[in-house]
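Novice: Dropping the structure in here first, questions after.
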Amino acid sequence: MRTQVAIVGSGPSGLLLSQILAQHGIESVIVENRSREYVLARIRAGVIEHGGVDVLTEYGVADRLHREGQRHDGVYLQWPGERRRIDFVESCGHSVWVYGQTEITKDMIEIRQAAGQQIFWEVSDTAIVDADTDRPKVTFVDADGNAQVIEADYVAGCDGFHGVSRETIPASIRSVRQRIYPYAWLGILAEVAPSTDELIYALHPDGFAMHSMRSEKVSRLYLQVAPDDDIANWSDDRIWDGLSTRMALDGWSLASGPTLEKSITPMRSFVSAPMRWGRLFLAGDASHIVPPTGAKGLNLAIADVKRLGLALASKINDGSDDLIDRYSDDALERVWQSTHFSWWMTSMLHVPAADDPDRDFLLQMQLTQLHNVTSSPTSMRYLAENYTGAVLPWP
Ligand code: FAD
Ligand code: DHB
């Protein structure tokens, strides 16, 4: 097979890249190791920066987002006895949107397949070869067991943190900076109307808790748990008790309902650089991951892919090297900004382990930080600009 851009991974990065390339008249083929059903059912992020919505709108995949998504102009930060709102619009003039990654993925798969996009589902043994030559290839075994080779002009590694693309770049030219956090998030999707109009991020001595939502009838909630905790230890009753205790406030109560899904996600900050090697370009989680506090993972993926799509279009259609040569450095600026913000939000809101000798000191620092960030206009603006993504111009 021959194509212009071979894309590894059919998550948000790979799907959006194929859409952007198609709009610039460039052909691509996607290979994905999971089934279509699995990818469509995967539950992940929910908050999209205004700039991310603009990109999805510009490339024609946001019609349902505009009909069903919810614009949020602020967020609540909470600690025992206090819940304070930060108004994004007042602080920086921007908002965010709540619309599930699952829905974005569904919308993009439908649009790409209606346009005739070739997607190989359930492939195995994916490998990227000759990426440092002008004839890069993606090899894989298709769902029927046939060995396949895609010859391409460029390869986009959009295969997430556990993919093969990143490791294709020789270790000798790759730097990795990371932090593994001593906690994890237990997330649930529940069939119950949200008990709040805006997201709540809460610090409590038992651990962090968060209330998000997906629609008028579905809520998404999270609890800080130990990184080695097992979901089997968490009955629905124990989860709802934990959420109610950690988010308790006089005059407010949390409504519970049947849980549709529950899982535990470890937390790490990870950046691998550079994001390019020869004709291989990485985008999204394949190159970097952030802890979920601050909702940056999906947004970074969208920003990378817009930049990469424009860079490849400029090279393929106009013969210009400028944008592809700058891709890695330009993308990493936003990656580091979001990595810093996610680390900062995570550090402010997650309680240290019970046996941490500095626990009392650290908890007091967190409370002082929360007071500060919800009272000083400058600090509120820092949070609002970063949370809405307005801190750096979108590509
Ligand atoms: P992915 O979504 O990981 O997509 C990569 C795709 O490549 C997948 O479909 C995968 O199956 C495929 N693939 C992998 N290996 C291969 C291979 N060898 N060959 C072919 N295909 C391959 N972000 C937030 O902002 N908020 C959240 O609450 C949040 N929760 C998350 C929960 C979990 C469990 C995870 C894993 C991530 C979460 N994220 C969250 C991060 C966010 O979902 C990601 O940043 C986003 O999915 C990145 O998109 P991507 O397309 O780059 O990677
Ligand atoms: C959601 C996830 C996040 O990581 C976050 O910071 C806010 C909201 C969500 O799934 O809705």
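The values are calculated or read from the model by the stated rules, or taken from the named source; none is laboratory data. These numbers come from a predicted model, not from an experiment. Note that we place each Cβ from the backbone using ideal geometry, even for glycine, and neighbour counts take in every protein chain shown. Keep in mind that these areas ignore ligands, DNA and RNA; they rest on the heavy atoms of the full protein, side chains included. Shrake-Rupley method; radii C 1.70, N 1.55, O 1.52, S 1.80 Å.
Novice: Going 7 Å from the Cα of Asn233 toward and past its Cβ, which residues in segment 167-201 have a backbone nitrogen under 20 Å from where you end up?
Specialist: Only 180-189 fall inside the zone, counting backbone N under 20 Å.
Novice: Excluding Arg85 itself, what net charge comes from residues whose Cβ is under 13 Å from its Cβ, given Lys and Arg +1 and Asp and Glu -1?
Specialist: Within the 13 Å Cβ shell, the charges total -4.
Novice: Can you give me the angle between helix 12-23 and the longest principal axis of the chain, using Cα atoms only, in degrees from 0 to 90, rounded to the nearest 10?
Specialist: Helix 12-23 sits at roughly 50 degrees to that axis.
Novice: Right, here's the next one. Can you pull the accessible area of Glu37 for me, 1.4 Å probe, Å² to the nearest 10?
Specialist: Here the accessible area works out near 120 Å².
Novice: Take the alpha carbon atoms of segment 186-318, find their radius of gyration, then divide it by 2.2 N^0.38 Å using N residues; give the quotient.
Specialist: Taking N as the residue count of segment 186-318, the ratio is 1.35.
Novice: Note down the magnitude of the dipole of the chain about its Cα centre, charges +1 on Lys and Arg C-beta and -1 on Asp and Glu C-beta and zero elsewhere, to the nearest 20 debye.
Specialist: Once rounded to the nearest 20, the dipole reads 260 debye.
Novice: Calculate the FRET efficiency for Asp130 and Glu333 from the Cβ-Cβ distance with a Förster distance of 41 Å, rounded to the nearest 0.05.
Specialist: Computed FRET efficiency for Asp130 and Glu333: 0.85.
Novice: Right, here's the next one. Provide the packing ranking of 202-214, 56-68, 140-152, 169-181, i.e. peptides ordered by the mean count of other C-beta atoms within 10 Å per residue, highest first.
Specialist: The packing order, highest mean first, is 202-214, 56-68, 140-152, 169-181.
Novice: Can you give me the pair-distance distribution of segment 169-235, C-alpha pairs, 10 Å bins, whole percents?
Specialist: 18, 35, 25, 14, 8, 0
Novice: Return one number: the angle in degrees, 0 to 90 and rounded to the nearest 10, between the long axis of the Cα atoms of helix 297-318 and the longest principal axis of the Cα atoms of the chain.
Specialist: 20
Novice: Compute the long axis of helix 359-373 from its Cα atoms, compare it with the longest principal axis of the Cα atoms of the chain, and write down the angle in degrees, 0 to 90, nearest 10.
Specialist: 80
Novice: Between segment 295-341 and segment 33-52, how far is it from one alpha carbon centroid to the other, in angstrom?
Specialist: 20
Novice: Then there is this: What number comes out for accessible area per residue over segment 215-255 if the probe is 1.4 Å? Units Å², please.
Specialist: Heavy-atom accessible area per residue stands at 55 Å².
Novice: Can you give the Kirkwood hydrodynamic radius of segment 1-71 from its Cα pairs, in Å with one decimal?
Specialist: After inverting the pairwise mean of 1/r, the radius is 13.6 Å.
Novice: Can you give the direction-averaged projected area of the convex hull of the alpha-carbon atoms in segment 55-201, in nm²?
Specialist: 14.7
Novice: Given R₀ = 22 Å, what would the calculated FRET efficiency be for Arg174 paired with His340, taking r from the Cβ atoms and rounding to 0.05?
Specialist: 0.55
Novice: Please identify every one of the GluC sites (Glu not before Pro) in segment 182-253 that sits in a loop by DSSP and has no more than 10 other beta carbons within 10 Å of its own beta carbon.
Specialist: Glu216
Novice: Okay, moving on. If contacts are Cα pairs under 8 angstrom and at least 6 residues apart, what is the relative contact order of the chain in percent?
Specialist: Averaging sequence separation for qualifying contacts and normalising by length gives 20 percent for the chain.
Novice: For the pair Asp54/Glu37, report the inter-label distance in nm, with labels modelled 7 Å from Cα in the Cβ direction.
Specialist: 4.1
Novice: Provide the per residue accessible area, probe 1.4 Å, for segment 1-134, rounded to a whole number of square angstrom.
Specialist: 40
Novice: From the P(r) of the chain, could you give the percentage of C-alpha pairs in the tail past 33 Å?
Specialist: Considering the chain, 32 percent of its Cα-Cα pairs are separated by more than 33 Å.
Novice: Can you list the lysines whose alpha carbon sits under 25 Å from that of Lys217, skipping same-chain ones fewer than 8 residues off?
Specialist: Lys106, Lys262, Lys296
Novice: Next question, about the same structure. Note down the magnitude of the dipole of segment 96-235 about its Cα centre, charges +1 on Lys and Arg C-beta and -1 on Asp and Glu C-beta and zero elsewhere, to the nearest 20 debye.
Specialist: 380
Novice: Of all the Cα-Cα pairs you can form in segment 117-229, what percent are over 20 Å apart?
Specialist: The share of Cα pairs beyond 20 Å in segment 117-229 comes to 64 percent.
Novice: Using a probe of 1.4 angstrom, how much of the accessible area of segment 4-136 is carbon and sulfur, in percent?
Specialist: Result for segment 4-136: 41 percent of the exposed heavy-atom area is carbon or sulfur.
Novice: Tally up the carbon and sulfur contribution to the accessible surface of segment 252-317 as a whole percent, 1.4 Å probe, everything protein left in place.
Specialist: Carbon and sulfur atoms account for 52 percent of the accessible area of segment 252-317.
Novice: Go ahead and estimate [θ] at 222 nm for the chain from helices alone: -39,500 (n - 2.57) per DSSP H run with n ≥ 4, summed, over the residue count, rounded to 500.
Specialist: -11000 deg cm²/dmol
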